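Chemist: Below you will find the structure I want to go over with you.
The values are calculated or read from the model by the stated rules, or taken from the named source; none is laboratory data. Remember, it's a predicted structure, so these values are computed and weren't measured experimentally. These area figures cover heavy atoms from the full protein model, side chains too; ligands, DNA and RNA do not enter into them. Shrake-Rupley method; radii C 1.70, N 1.55, O 1.52, S 1.80 Å.
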Amino acid sequence: MKSSQANVLRWAYWFGQVDSRPLSLFRIGFGLLLFKNALYLLPLAHLFYSDAGIVPRAQFWPDPAQVGLDQFSLLNYVGTSWGVMLLFGAWAGIALALLLGYCTRAMTILNYLFWLSLVQRNPFSLHAPDHVLLLLSFWALFLPLSHSYSI
């Protein structure tokens with residue numbers, strides 16, 4: 001980069017064109033990580049997120065009419081083991097579509113909603129890297145991830 005391009009007082013420094021290939025490589029790596037995480041959590045989903053598992057929804061909300069009023073989680077509305085497994089399978093499909101660059105903007109939004117659902121439904125089953133992935137999912141909402149290396 002020339003020193004004239006690195007001038008922070010120039011308009012093009014802040015609002016100019018950028019090469020989006022590194023962001024697309026980030027999308028591929030991020031998609032791989034999400035897909036691995038979805039496959040890792042798939043066999044554990046019924047244990048941590050269904051009503052038959054360790055933390056049923058009734059533990060948080062004694063009145064079923066109040067389920068999810070104070071927080072957003074798709075998992076608040078699915079209590080059966082097979083329903084939770086189906087939702088985690090859909091998340092694996094979302095991660096795979098994000099990895100391949102298929103409907104990237106929609107898959108990024110769905111991935112963020114699913115991560116938010118995981119954190120809000122049972123925060124006891126997660127640790128710090130899961131919160132970092134939630135923040136990266138939010139950050140990815142505003143990036144042009146589909147400009148290169150996408151189908």
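Chemist: For segment 15-59, divide the Cα radius of gyration by the Kirkwood radius and give the resulting Rg/Rh value with two decimals.
Modeler: Answer for segment 15-59: 1.36.
Chemist: Where in the chain are the DSSP H helices whose C-alpha atoms run 20 Å or more along the long axis and whose mean Kyte hydropathy is at least 1.6?
Modeler: Passing helices, by number: 81-100.
Chemist: For ASP19, ASP130, ASP51, what's the largest-to-smallest order of accessible area, 1.4 Å probe?
Modeler: Most to least solvent-accessible, the answer reads ASP19, ASP51, ASP130.
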